1. What are the ³J(HN,Hα) values, in whole Hz, obtained from phi via the Karplus relation 6.51 cos²θ - 1.76 cosθ + 1.60 with θ = phi - 60°, for each residue of the stretch 307-324 in sequence order, with x given for Gly and Pro?
2. Gaussian network model of the chain, Cα springs within a sub-10 Å range: biggest mean-square fluctuation belongs to which of 17, 46, 131?
3. Looking at the chain as a GNM with Cα springs under 10 Å, which of 248, 340, 239 has the largest mean-square fluctuation?
4. So if I take the centroid of the Cα atoms in the stretch 339-373 and the same for the stretch 300-320, what is the distance between those two points in Å?
5. Can you list the HN-Hα couplings for the stretch 29-46, worked out from phi with the Karplus curve (6.51, -1.76, 1.60; θ = phi - 60°), rounded to whole Hz and with x for Gly and Pro?
6. Taking only DSSP H segments of four or more residues, each worth -39500 (n - 2.57), what value at 222 nm results for the chain once the sum is divided by all its residues, to the nearest 500 deg cm²/dmol?
7. What would the Debye equation give as log₁₀ I(q)/I(0) for the stretch 69-160 at q = 0.19 Å⁻¹, counting only Cα atoms as equal point scatterers?
8. Two-decimal Rg/Rh of the stretch 258-398 from alpha-carbon positions, Kirkwood Rh?
Amino acid sequence: MNSPFPTASLTDAYDSKMSGDLCLANAQLVLADRVILGTITIAQGKIAEIVEGDAVPRGAVDCSGDLVLPGLVELHTDNVERHIEPRPEVDWPHLPALLAHDAELASTGITTVFDAMRVGSIHSGKKGAYKDYARTLADELLAARAQGVFKISHFLHLRAEICSETLLDELAAFGPDDRVGIVSLMDHTPGQRQFRDLTSLKTYVAKKRGMNDAEFAEHVQNLLNLQKRFGSKHETGAVAEAGRLGAVLASHDDTTADHVATSAQNGVGFAEFPTTVEAAEACRNHEIAVMMGAPNLIRGGSHSGNVAAADLAKRDLLDIVSSDYVPSALLLSAFYLAEVWDDLPRAVATVTSNPAQAARLDDRGVLKVGKRGDVLRVRQLEKTPLLRGVWAQGRKIG
């Protein structure tokens, strides 16, 4: 990845020490480059052995030809925010929300998640304003993780909204001990990037925040004013803060080749949801990995009217898939891509090894001796996966 920042792995961050032993036999094992019929053995939470053949050792789980693949790695999900605010202006207790979020992801095959939290508030008092919450929520998440109450691995992803009053102050509240994994640069100013089409933006905020026409116009003007005041300064500052935190830097909604050139100069490692073919091609030229949303892929297009993920896949411009706002979409997206590419291992890599590598997690994401025993058992019904078992470090969690 094209990043000037430290390349230390996140795997020395606290994670659950609970592990187990497991043997899955007579399974179609989805390896990095091929699928084989065989047995995988996990001992003390790590993959100890992979053996080809249809034998079922004593004590093993007979998978009857089901697929076994690595646990899914999610780099960008809004799901935790949905749980702490299930409806606009409804605050839900954070620990129960975090536990419900964790259980939901485990039930969909996600065994590693980077929980996206917005940093950069808008204290306008108007509808659509955002209040700072990330530091408090991160403290609660890290405390829960330290107590070993989560089923899956959780890391921090700070979504840095550069057009806000408080971004740099909120970022300054985090330090290297927080082991922030990702900082992504967000600019949701109307009229560019994701919301070039104001009609799409109006539909989105009107439904989410209940704005009328006058309130929407005021909201747009407020965001434009914030971009003018803070955009350049906060982008530079957020890049520096990512370096201080030792985090991977991501761009968001790059639209033009110039956007991508700036991302490359900033040291971006992967691009979240580029909105055009032009931007995706520029990412490839700059060796920046391209992430797209699973809902875009499954629905056949972007809800904001931007480039379709399937179009990028057909052009070999897609590296990583994120569940974005539908956790169950991540596993499903791999099977959609397998049809596009006629290559299941390549498709599975977009939701396992590729995101793990992008996030500097070198201990997971692939079925290989020595790696973490995060595995899924899946039966395929046409192109729809039926999840039949989820294990984290050899422990059954779903």
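The values are calculated or read from the model by the stated rules, or taken from the named source; none is laboratory data. Not measured: the values here are computed from a predicted model. Glycine also receives a Cβ, built like all others from the backbone with ideal geometry; neighbour counts cover every protein chain displayed. To get the accessible areas, we keep the full protein, side chains included, count just its heavy atoms, and leave off ligands, DNA and RNA. Shrake-Rupley method; radii C 1.70, N 1.55, O 1.52, S 1.80 Å.
1. 4, 7, 4, 5, 5, 5, 4, 5, 8, 6, 10, 10, 10, 9, 10, 10, 6, 6
2. Result: 17 has the largest fluctuation of those listed.
3. Looking only at 248, 340, 239, the largest GNM fluctuation is found for 340.
4. The stretch 339-373 and the stretch 300-320 have Cα centres separated by 20 Å.
5. Per residue, the Karplus-derived 3J(HN,Hα) values read 8, 8, 7, 5, 10, 6, 10, 10, 7, x, 10, 10, 10, 10, 10, 6, x, 10 Hz.
6. That calculation yields -10500 deg cm²/dmol at 222 nm.
7. -0.88
8. On the Cα set of the stretch 258-398, Rg over Rh gives 0.98.
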